[in-house]
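Beneath this line is the structure, given in C-alpha cells, with notes to follow.
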Amino acid sequence: MKIAVAYQDGEIFGHFGHCEMFATYEYGEYVSDCVKRLVPTEGRSGHQAMADLMREQGVDAVIVGNMGPEAKATLLSYGIVPVVGYSGDADTASDLLVTCQLPISPGEGGGCSCGGSCGDCGRA
C-alpha cells in the first residue's frame, strides 16, 4: 500500500490544494518495511494538480487536514481514498492508517480551512 500525507515540517498539512510537499509511504509486508519519500509540488497548485500528482505517484490514500468536496471527488474518481480531518505527526498517521487504526472518517468537517467551500475563499 502507498499512502501520501500532505506534509510540512513532519506534520500533516492543513490544505490539500496548497501543499508544498507530500510525504509518500510505501509499505511492504511489515510496517517496518516502509519506504518514505518526500515529493515536492513545485509548479503545481490547486486540487486538480495535486490529485494528478497523487495519481502519478501511484498512491492508494491521501491524509490531509482539510480538503474540499471537488478535491475529494477527483481523488475518488482516480481510485484514491481521501482521509481528511487530521493533524499531528505525518509518520504516525500513515502507520496508523496502514494498520487500520486510523478511522477514515474522523467526524464532520473536511471542507476548506476557511470554513466554507474552496470557492468561498478563492483557494482551489
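Tabulated data for the structure shown
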item: In region 70-94, residue most open to solvent (accessible area, probe 1.4 Å) [restricted to those that are touching a residue at least 40 places away in the same chain (Cβ under 8 Å) and assigned to a loop (DSSP other than H, G, I, E, B)]; result: Ser87
item: Glu20 vs. criteria modelled with pLDDT of 95 or more, closer than 18 Å to Val5 by Cβ, open to solvent by 70 Å² or more (accessible area, probe 1.4 Å) and not basic (Lys, Arg); result: no
item: Any chance Gly115 is at pLDDT below 90, in a helix (DSSP H, G or I) and either open to solvent by less than 60 Å² (accessible area, probe 1.4 Å) or over 22 Å from Gly10 (Cα atoms) (or both); result: no
item: Residue in region 26-67 that is least open to solvent (accessible area, probe 1.4 Å), counting only those that are assigned to a strand (DSSP E or B) and farther than 22 Å from Leu102 by Cα; result: Val39
item: Tally of residues being in a strand (DSSP E or B) and of a type outside the set (Phe, Trp, Tyr) across region 8-25; result: 7
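The values are calculated or read from the model by the stated rules, or taken from the named source; none is laboratory data. Predicted model only: the values in this text are computed from it and were never measured. Glycine also receives a Cβ, built like all others from the backbone with ideal geometry; neighbour counts cover every protein chain displayed. In case anyone asks, the SASA skips ligands and DNA or RNA and just uses the protein heavy atoms, side chains included. Shrake-Rupley method; radii C 1.70, N 1.55, O 1.52, S 1.80 Å.
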